[in-house]
Each structure stands twice: as structure tokens, then as C-alpha cells.
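One structure is given below, encoded as C-alpha cells.
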Amino acid sequence: MILEVMAREGVPLAEDALAATLGIDSHEMEAFSRRLAAMEREGQVMRNRRGAILVADKAGLVKGRVIGHPDGYGFLKPEDGGADLFLAAKQMHKALHGDIVLARVTGVDRRGRSEGSIVEVLERAHQQVVGRLFVEQGVMFIMAEDKRIAQDFLVPPDGAKGAKHGQVVVAEILQQPSPQSEPIARVVEILGNYADPGMEIEIALSKHDLPHVFSKEAEQLASKHGDKVAAKDTKGRKDLRALPFVTIDGETAKDFDDAVCCEPLGKGKGHRLWVAIADVSHYVRPGDALDRESRERGNSVYFPRRVIPMLPEGLSNELCSLKPEVDRLVMVCEMEVGPSGAVRQYQFYNAVIHSHARLTYTRVAAVLEGREADPPVPAALVPALEELYVVFKALLGARAKRGAIDFDSVETQMIFDEKGKIERIVRVQRNDAHRLIEECMLAANVCASDFLLAAGHPALYRIHEGPTPEKLEALRSMLKDFGLSLGGGDEPHAKDYAALLGRIKDKPYAGLLQTVMLRSLRQAVYSPENVGHFGLAYEGYAHFTSPIRRYPDLVIHRAIKAVLAGTTYDAGDWPSLGVHCSETERRADDATRDVDAWLKCYFMQDHVGDEFEGTVSGVAGFGIFVTLDELYIDGLVHISDLGTDYFQFDAQRHLLRGERTGVRYQLGARVKVRVVRVDLEASKIDFVLVDGGPVAVAREGELPHAVPVAVQKPRDQDKKHTRIDTRNTDGGRGKKGKR
């Protein structure tokens with residue numbers, strides 16, 4: 001009926017006008033608005049910039065988000081998931097990166113891409129811009145730090161607020177771009193000089209719109225609880241203060257949100273494992289200022305030397321942190337783990353604990369290896385740690401039997417000098433203490449998912465779908481070149497990936513194929529629809545163990561408490577919440593990646609002219625990306641610097657092939673490079689090959705000379721990187737500094 005009326009009217013209608021035309025009474029308006037919202041989500045109708053409603057099909061237009069490119073052109077990513085539209089630079093004069101627009105398909109460009117024309121901007125993504133102020137011939141303008149915004153912003157004569165040439169500023173956009181005029185902005189905050197220590201983080205905060213200042217109301221709510229657990233708050237909880245709970249974290253960790261304890265059930269009968277998680281939901285109530293602001297943030301953000309917490313530090317580092325020798329409120333997942341690693345039964349309940357020690361991975365690993373820890377671990381705790389080690393081995397065996405994928409990834413840590421600049425970059429060595437905690441957290445997360453699924457209560461699951469048909473086909477094509485195959489047919493299981501990893505682990509091309517396998521997988525996201533977790537080989541999985549730093553975990557705690565109390569927790573629009581939390585996670589990743597890239601570029605300025613050996617970690621039509629040994633820094637060797645040959649790019653096989661010489665540059669190939677250029681503003685590093693070629697050249701019919709490679713995202717040029725959640729990411733703890 002709604003579509004019929006709108007088709008008959010033939011023009012966009014305001015919601016009130018449409019309601020009047022349909023004869024909707026005032027008491028029916030709420031239901032009518034909900035129906036319109038549903039139709040908008042389904043793509044049946046859309047709203048123009050003035051909020052008027054029009055029929056999507058009749059409009060013949062595409063609604064989507066603008067993705068800008070540093071070279072001035074862009075793409076429209078349709079909301080319905082269709083193919084991207086190419087937007088020429090002329091079209092990008094109408095919009096900025098991130099804007100929601102309506103566009104019309106106008107044809108196909110010379111490269112065979114569908115091309116579009118922006119008809120209307122529905123929603124502006126930016127009200128502010130962060131960038132550098134420049135003055136040229138008396139004209140002031142701001143160049144955005146986000147290079148996807150290619151337009152410069154003119155600054156009126158009285159709009160600089162005292163900012164000097166070259167300084168980094170935050171500016172309010174006074175006039176958005178149009179075909180007739182450039183955007184205009186005025187400075188509202190001066191962040192400082194470009195190379196000031198910490199400026200890279202300030203830029204990232206503004207560029208990615210990361211909330212980083214709590215409101216007075218939120219701070220007051222956090223501080224009113226004090227720094228000690230009130231006696232009244234322990235009532236109605238299980239008293240587990242006598243159990244030898246310990247926290248096991250990195251040396252620099254400050255927020256301890258999980259503690260573990262275990263005891264044997266008898267010879268050959270398995271163990272009782274307790275995983276205690278800080279009871280954040282006791283202090284952060286639905287709808288209050290703390291809840292609103294933690295929901296907006298979605299997660300904590302961990303930059304080198306600085307953390308942007310999801311909760312005020314009075315909670316995250318104090319009252320909700322499971323510090324030793326103090327009482328803390330927790331939610332406990334108590335499990336019986338059999339000798340085979342199967343969780344036979346579990347229960348959730350509220351409790352109070354008293355952590356007996358704050359241990360580190362390094363100290364615990366020493367105990368597990370039979371060495372003396374420094375400082376020594378209290379002798380009374382050693383038996384409990386040894387029992388935890390037995391549980392870990394059982395859980396690890398169950399993981400292998402389940403077929404979970406375990407990629408050999410590399411984690412690095414930046415070591416800074418007193419001036420805040422990188423002194424060196426080191427590899428973080430994972431040991432069995434890391435893995436022990438990871439497996440305990442995984443077990444608790446699975447129990448949380450199972451508990452809510454069994455209760456039929458709404459929840460946010462951590463889902464990870466298998467590879468798309470297109471990526472699967474590309475992977476199989478690549479494997480065929482190596483005489484390998486992936487089992488599972490059109491719907492492979494994680495076991496098939498794990499089995500293949502096992503077959504190639506000692507091969508010289510293991511790094512190459514591991515990278516290709518990783519990139520064939522999708523990203524993990526949050527959703528109320530449980531579809532399982534492909535990478536971890538779980539039928540159901542949720543994040544329960546890090547409510548201090550991840551909002552989805554807080555939601556899971558509330559849902560579990562509601563089930564225990566015989567009530568229901570309503571988080572509102574669950575699908576939208578899942579999308580929001582997935583987006584804030586990606587936002588944090590993008591921001592930390594920007595900061596890491598800038599810091600590495602600053603570090604490499606002193607190494608221009610130096611030579612390094614490295615591994616090809618990315619291949620594109622315009623060149624190869626190389627990750628340097630030891631430093632784990634990557635840069636680009638442009639195709640024009642690969643020699644006089646004409647190179648063909650094979651996207652499926654991730655290689656550039658010389659037509660005349662047959663030289664191949666492929667993922668995993670070993671090369672020697674010289675640093676020739678560092679562009680700090682663009683966060684780009686350029687290399688050239690030393691001696692004109694790889695350390696070992698692979699020609700037609702030969703396998704590339706390769707070594708295991710750190711799987712890192714190369715400097716992006718319209719490439720997408722897929723990450724699955726294994727180890728720290730979905731091991732339950734979330735990203736917690738440099739662990």
C-alpha cells in the first residue's frame with residue numbers, strides 16, 4: 001500500500017505528508033514509522049537529504065558510501081552490496097570520503113568499471129577535519145591528514161586562530177565541497193607541530209573520530225564507587241576468596257580483567273577450572289552515562305605508549321582490575337574439563353575473589369619449563385600453575401582434534417627512547433603461558449555462547465564465516481601450482497585448512513601459502529545471528545572475557561545475568577549494535593595502524609641509503625611490498641624499479657612475471673633492498689632492489705624462494721586485508737597493549 005501510494009504521487013514525500021495521504025491516525029504513527037524504517041533497511045525506500053521518502057526502484061539510483069582515493073578519484077560502495085561504482089575526480093568535487101550519496105550509473109570507463117555520477121549527498125560524514133595548515137601566496141588552506149580526502153580546505157583570513165604554517169590543526173567545516181567551490185573550514189584547535197612527540201596519536205584520534213574524553217557525568221559515576229569493594233556488594237555472591245586465583249599478563253599491563261584457578265578432580269578424572277572475569281556490569285548500568293560512552297567507544301584502543309580506555313581509569317585500572325591482595329567482584333565460569341580437553345559441564349555465577357598474585361607470562365613460563373622465575377613465584381602457587389598446565393595441554397589437544405586454524409603470525413613491540421621515538425622494534429616471543437591463558441579464555445567464551453544459545457536469550461556472537469566462493473577458487477588455483485589441494489570441496493572446514501598448514505609447515509614456500517590462505521578468509525564480526533566461528537572451529541562463540549575493554553563482552557555479561565535472574569536483557573537493536581561494535585573495532589585497527597606506520601616512517605628517516613634483506617609480503621600491479629627482516633617494517637618497490645622488463649600481474653597467484661626474462665616476484669620471495677625515500681606525511685617508504693633482483697630468482701616452472709613471513713598488512717593501495725581471530729584476538733582477552 002505504501003509503495004503504491006508513493007508510486008502514484010510520483011514525488012518524494014515527507015513522512016507526515018505520506019501518513020496524511022494514507023490516512024494514518026496519530027496513535028498509529030509509531031507503528032508507521034517503524035514500518036518505514038524496516039522498508040528503508042530492506043532497500044524498498046530511501047530518504048533524500050531533506051528526509052523526504054522516495055521509492056528506491058523508481059529512483060533508479062544507487063545509495064552508498066563514498067570511498068576516496070589520494071589521487072582525487074573515488075568509488076561508491078553501494079549499501080546493497082553490489083559492485084562498486086567508479087567516481088571520477090570531477091564527481092569527487094561534490095563529496096568527501098565517507099559521505100552517503102545517491103548516484104546514477106552513467107556507463108563503463110575504459111577499464112571496464114561501472115562509472116557513476118553523484119546526484120545528491122544524503123549525509124555528510126565530516127563536520128570537522130584534521131590536517132596541516134599551509135600558507136601560500138597569502139592564501140591559507142588545510143590539507144587533510146586523511147589522504148582519502150583529496151580536497152584542500154580554504155581558510156578565511158580570520159579563521160586560523162593563530163595557527164602557523166605547517167602546524168597540525170582541527171578545523172570546523174563551514175562549507176562542504178560543491179562543483180562550484182572548494183570546501184571552507186576554520187581552525188578550532190591547534191594540535192601542535194607535526195613532529196612533536198605524541199602528535200601522531202592526536203592526529204589519529206581526530207582523523208578517526210575516536211572519543212577520548214569522558215564527560216563529567218561519566219567520571220563522577222566512575223569515581224562514586226571509590227577504589228574498594230563495598231561490603232554490601234559482596235552479599236548474594238559466592239565467596240571464592242580462599243581459592244588461589246592469579247592473574248597472568250604482560251609486564252606492562254595495568255588492567256587485569258581475568259584471573260584463573262584450577263584443581264584436580266582425582267586421578268584421571270580431569271580438573272575443575274575457574275575463570276573469573278571482572279564484573280564490570282555491576283558498576284556500569286544500562287543507559288547510564290558510563291554505558292552510553294562505553295557503547296559509543298565500543299572498545300579500548302591501544303596505541304604505543306598510550307591507551308584510550310573504554311572505561312574511565314578509576315574503573316578499568318582500579319575497581320574492575322583484579323589486582324592482588326584486594327577483594328574484587330567477578331562473574332565466574334566454573335568448568336569441569338576432562339582429560340581429553342572436553343568441557344563436561346559448566347556454570348556461571350557472581351562471586352567475590354581475592355587474587356593471590358599478579359604474575360607475568362615470563363615468570364609463569366619459567367615455572368612451566370622448570371626454571372627459576374625472576375622474581376620467584378611463591379612456592380604455594382606453583383602446584384596450582386602446574387595443574388593449569390595440565391588443563392592447558394588437554395585443551396590444546398581438543399583444539400587440534402577440533403581442527404582450529406593456527407597461523408604462524410608475528411607480533412612486534414616498539415621500544416621507545418626518552419624522547420618518545422622508536423629505538424628498536426623487537427619480536428614478542430609467545431610462550432606456553434600466553435597459550436595457557438588463551439585456551440582458558442577460549443573455553444569460557446564458548447561456554448558463554450552455549451549458555452545463551454541454550455537459554456534462547458538474545459546475544460552478540462563473535463562470528464567468522466568461511467571463505468567466499470571467489471576467494472576459495474583463487475586459493476585452490478594457487479595451491480594447484482604447488483601440487484597441493486584443500487579438502488572440503490565447496491565448503492571446506494577449518495580442519496581442512498589446519499591439515500594443509502600441517503602438510504606445508506616445513507616447506508620452503510610455507511610462508512607464501514600461509515599468507516594466501518589467511519587472505520582467503522573473511523573478517524570476524526559481531527552479530528546476533530550465530531553462524532559459528534570458522535577459524536576457531538566452534539559452532540558457537542561469544543566474547544565474555546574482556547568487559548573492561550570490549551563492549552560486546554559487557555553485553556554478554558548482562559545477558560548471562562538476566563538468564564540467571566529469570567529476566568531478559570534488552571540491548572535495543574541487536575543487529576545495529578553488532579554492526580556498530582564491528583565498526584568500532586575496525587576503527588581502532590585503522591587508527592593504530594596509522595600510528596604504527598607514521599612511527600616506523602619516522603624511524604626509517606635515519607636509514608635512507610641503508611640496505612636490508614626482506615621478504616615479499618604483498619604483490620600488486622604497481623609493484624611489490626617488502627617486509628624487512630628483524631625490523632618488520634614494510635615498503636614498496638615500484639614496478640618501474642624492477643628493471644627494464646615488462647611485468648604482468650597475476651592477481652590469483654600473487655605474482656609479477658617478467659615477459660622477457662621470466663623473472664617472478666611472488667609472495668614469500670626473498671629480496672635485498674635499499675631504502676631510497678621516506679614520505680612522512682603520506683606514511684610511505686620506498687625501496688629499490690639491490691643488484692637488480694631477488695636474493696634467489698624464481699623462474700617459470702620453479703617454486704619461489706621463500707621463508708616463513710610475518711603476516712602483516714602492507715601499505716594499502718586499494719587492497720583489502722583479511723584477518724581471522726586466533727590467538728590474542730579471539731583468545732578472549734582482546735588487544736591488551738603489546739602482548
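Here are some notes:
- In region 48-76, the residues that are on the phi < 0 side of the Ramachandran plot and at pLDDT below 90 reach residues that are of a type in the set (D, E, K, R) and assigned to a helix (DSSP H, G or I) with C-beta atoms within less than 9 angstrom, at least six apart or across chains, in these pairs: 52/15; 53/15; 53/40; 56/40.
- Residue check for residue 606: without any contact (Cβ under 8 Å) to a residue 24 or more places away in the chain and either within 19 Å of residue 411 (Cβ to Cβ) or surrounded by 21 or more Cβ atoms within 10 Å (Cβ to Cβ) (or both): no
- Hey, residue 324 outside any strand (DSSP E or B), touching a residue at least 60 places away in the same chain (Cβ under 8 Å), under 27 Å from residue 305 (Cβ atoms) and not charged (D, E, K, R) or not: yes
- Exactly one residue out of 372, 438, 418 is charged (D, E, K, R), part of a helix (DSSP H, G or I) and either in contact (Cβ under 8 Å) with a residue 12 or more places away in the chain or surrounded by fewer than 15 Cβ atoms within 10 Å (Cβ to Cβ) (or both): that is 438.
- Yes/no for residue 93 being touching a Phe, Trp or Tyr at 6+ places or on another chain (Cβ under 8 Å), assigned by TED's automatic domain parsing to the domain that holds residue 108 and not hydrophobic (A, V, I, L, M, F, W, C): no
- Residue in region 650-659 that is farther than 27 Å from residue 476 by Cβ and of a type outside the set (Phe, Trp, Tyr) present: no
- Qualifying residue in region 264-275 (condition: within 16 Å of residue 323 (Cβ to Cβ), of a type outside the set (S, T, N, Q) and in the same structural domain as residue 444 (by TED's automatic domain parsing)): no
- Boolean, residue 415 is in contact with a helix residue (DSSP H, G or I) (Cβ under 9 Å, 6 or more places away or on another chain) and of a type in the set (Val, Ile, Thr): no
- Within region 242-295, the only residue that satisfies the criterion of being touching an Asp or Glu at 6+ places or on another chain (Cβ under 8 Å), among the aromatic types (Phe, Trp, Tyr) and in a loop (DSSP other than H, G, I, E, B) is 256.
- Qualifying helices (runs of 4 or more DSSP H) (wholly inside region 1-88; at least 3 residues being surrounded by fewer than 13 Cβ atoms within 10 Å (Cβ to Cβ)): 2-9, 29-41
- Some residue of region 567-577 being of a type in the set (Ser, Thr, Tyr), in contact with a His (Cβ under 7 Å, 6 or more places away or on another chain) and in contact (Cβ under 8 Å) with a residue 12 or more places away in the chain: yes
- Of all residues in region 84-101, none satisfies being closer than 26 Å to residue 12 by Cβ and modelled with pLDDT under 90.
- Selection of region 421-435 for residues being farther than 22 Å from residue 369 by Cα and either surrounded by fewer than 14 Cβ atoms within 10 Å (Cβ to Cβ) or not assigned by TED's automatic domain parsing to the domain that holds residue 366 (or both) yields 423, 424.
- Unique residue being closer than 26 Å to residue 632 by Cβ and in contact (Cβ under 8 Å) with a residue 24 or more places away in the chain when the list is 428, 391: 428
- Residue check for residue 300: of a type in the set (Gly, Ala, Ser), touching a strand residue (DSSP E or B) at 6+ places or on another chain (Cβ under 8 Å) and touching a residue at least 12 places away in the same chain (Cβ under 8 Å): yes
- Filter result for the condition that a residue is assigned to a strand (DSSP E or B), over 32 Å from the mean Cα position of the chain (by Cα) and among the charged types (D, E, K, R), over 110, 104: 104
- Checking residue 203 against (1) in a strand (DSSP E or B); (2) hydrophobic (A, V, I, L, M, F, W, C); (3) under 30 Å from residue 417 (Cβ atoms), the condition it does not meet: (1)
- Search result, residues across region 173-188 that are surrounded by fewer than 16 Cβ atoms within 10 Å (Cβ to Cβ) and either touching a residue at least 12 places away in the same chain (Cβ under 8 Å) or within 15 Å of residue 139 (Cβ to Cβ) (or both): 174, 178, 179, 181, 182, 188
- Flag set for residue 289, criterion: crowded, with 18+ Cβ neighbours inside 10 Å and farther than 15 Å from residue 546 by Cα.
- Identity of the residue in region 501-515, surrounded by 22 or more Cβ atoms within 10 Å (Cβ to Cβ) and of a type in the set (A, V, I, L, M, F, W, C), that ends up nearest to residue 534 (Cα to Cα): 513
- Region 504-549, residues that are aromatic (Phe, Trp, Tyr) and modelled with pLDDT under 95: 509
- Strands (runs of 3 or more DSSP E) lying entirely in region 609-700 (those with 2 or more residues that are touching a Cys at 6+ places or on another chain (Cβ under 8 Å)): 670-679, 684-694
- Test set (1) closer than 25 Å to residue 437 by Cα; (2) among the aliphatic types (A, V, I, L, M); (3) over 17 Å from the mean Cα position of the chain (by Cα) - residue 486 fails condition number: (1)
- For region 128-166, a residue qualifies if it is buried (at least 19 other Cβ atoms within 10 Å of the Cβ), under 20 Å from residue 595 (Cα atoms) and not aliphatic (A, V, I, L, M), and the qualifying residues are 131, 132, 145, 146.
- The residues listed here are 301, 364, 391, 330; of these, the one that is assigned by TED's automatic domain parsing to the domain that holds residue 416, surrounded by 15 or more Cβ atoms within 10 Å (Cβ to Cβ), within 15 Å of residue 257 (Cβ to Cβ) and of a type in the set (Val, Ile, Thr) is 330.
The values are calculated or read from the model by the stated rules, or taken from the named source; none is laboratory data. Keep in mind it's a predicted model, so treat the numbers as computed, not measured. Quick reminder, even Gly has a Cβ in these numbers, built from the backbone with ideal geometry, and neighbours come from all protein chains shown.
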